[in-house]
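Here the structure comes first, spelled out in structure tokens, and everything after it is commentary.
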Amino acid sequence: MSVNDLRELSVQELENKIIDLKKELMESRFALATSQLEDTSVFKKIKKEIAQANTVLTEKIKQSNDEVTE
């Protein structure tokens, strides 16, 4: 999912997306521990997507706080 796609999501949807990505990261770690995962680049991709979602979430929260204070 690209950053532009993430920006179209609501705050609640972003929070759910982050939770889902963290679950996916945990499942990938278990798969690696049980030798079911060969491509370890999955970790980097998931972590990057979590960081992007967190950034967009922070932007949206800050933007909504700025609108309230005006």
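Summary of values
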| read-out | value |
| --- | --- |
| In degrees, nearest ten, helix 11-33 long axis to first principal axis of the chain (Cα) | 10 degrees |
| Extreme residue, positive dipole direction of the chain, given options VAL56, VAL11, LEU32 (C-beta unit charges) | LEU32 |
| Projected-area average for the chain over all orientations - Cα convex hull basis, square nanometres | 4.8 nm² |
| Accessible area of the chain divided out per residue, in Å², using a probe of 1.4 angstrom | 76 Å² |
| Net charge over other residues, Cβ less than 13 angstrom from the Cβ of GLU13 (K, R count +1; D, E count -1) | -1 |
| In range of the label at VAL3: residues from the stretch 24-54 whose backbone nitrogen is under 11 Å from the point 7 Å along Cα→Cβ | 52-53 |
| Percent accessible area from carbon and sulfur atoms, the chain, protein chains only, probe 1.4 Å | 51 percent |
| FRET efficiency, VAL68 to LEU25 (Cβ-Cβ, R0 30 Å, nearest 0.05) | 0.35 |
| Rounded to 10°, Cα long-axis angle of helix 41-69 versus longest principal axis of the chain | 10 degrees |
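The values are calculated or read from the model by the stated rules, or taken from the named source; none is laboratory data. Everything numeric here is computed off the predicted structure, so don't read it as measured data. FYI the Cβ positions are ideal-geometry reconstructions off the backbone, even for glycines, and counts take in every protein chain you see. SASA here: full protein model, heavy atoms, side chains in, ligands and nucleic acids out. Shrake-Rupley method; radii C 1.70, N 1.55, O 1.52, S 1.80 Å.
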